[in-house]
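Step one of this worksheet: look at the structure below.
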Amino acid sequence: MAMVDKALFASVKQDWNTPAEILELVRRVNPIGLDPCSNGSSLVSAPVQWDKHRDGLGQPWSGLGMVYVNPPYGREIVDWMAKCHYEAAHGVELIALVPARTDTRWFQDYAFTAQRICFWRGRIRFVGGASSAPFPSALLYWGPQAERFSEVFTASGVICGVK
């Protein structure tokens, strides 16, 4: 465990940024229009970016293009997943990168409402991490291009068609 970033096990650091190779795949599904969980070192570079000073949970996501969500992985992840579910139910296309914690209530309540889930093969090394994450990850897709999502992500993990 000495090599593992202890912050990944705790809620101390909340801005683990998505690696470029994952963002490239996301952009192959559709260009990212909104990053509601941005920070100063994010690689997402969406035309609309909200950080902790402009609360993405309190803003509507519609009309801004596809939304990419890499939420804080602490206790507030349940709020972000509820927001993803709500926005998707109102027609917003989005992809969320989350820990694949299939035993948790938030995962069971919200992740399985997505049209597709990609259970990422291996462990992700987040930007700024000294090593790979100590947990598996999943990318969740809500929207009209479920088949496109499957095509793009099939080489990166196991794809499950939920809805």
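Odds and ends about this structure:
- Residue tally, condition more than 18 Å from Tyr68 (Cβ to Cβ) and in a loop (DSSP other than H, G, I, E, B), over segment 134-157: 3
The rows are residues; the columns are (1) under 14 Å from the mean Cα position of the chain (by Cα); (2) of a type in the set (Ser, Thr, Tyr); (3) farther than 18 Å from Ser137 by Cβ.
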| position | (1), (2), (3) |
| --- | --- |
| Arg54 | no, no, yes |
| Gly63 | no, no, yes |
| Tyr68 | yes, yes, no |
| Pro71 | yes, no, no |
| Trp80 | yes, no, no |
| His85 | yes, no, yes |
| Ala89 | no, no, yes |
| Ala96 | yes, no, no |
| Tyr110 | yes, yes, no |
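- Being surrounded by 15 or more Cβ atoms within 10 Å (Cβ to Cβ), at pLDDT 95 or above and assigned to a loop (DSSP other than H, G, I, E, B) is a property that holds for Val92.
- Candidate set from segment 96-133 (those that are assigned to a strand (DSSP E or B) and of a type outside the set (Phe, Trp, Tyr)); member that is surrounded by the fewest Cβ atoms within 10 Å (Cβ to Cβ): Val127
- Look at segment 49-75: where a residue is charged (D, E, K, R) and a partner is exposed (fewer than 13 other Cβ atoms within 10 Å of the Cβ), sitting 6+ places away or on another chain with Cβ atoms under 9 Å, you get Asp51/Gly40; Arg75/Ser11.
- Taken together, Pro72, Pro60 contain a single residue that is open to solvent by 40 Å² or more (accessible area, probe 1.4 Å), assigned to a loop (DSSP other than H, G, I, E, B) and either farther than 20 Å from Ser156 by Cβ or at pLDDT 95 or above (or both), which is Pro60.
The values are calculated or read from the model by the stated rules, or taken from the named source; none is laboratory data. Remember, it's a predicted structure, so these values are computed and weren't measured experimentally. Cβ atoms come from the backbone with ideal geometry, glycine included; neighbour counts cover every protein chain shown. For the accessible areas, the whole protein counts, side chains as well, though only heavy atoms, and no ligand, DNA or RNA atoms are used. Shrake-Rupley method; radii C 1.70, N 1.55, O 1.52, S 1.80 Å.
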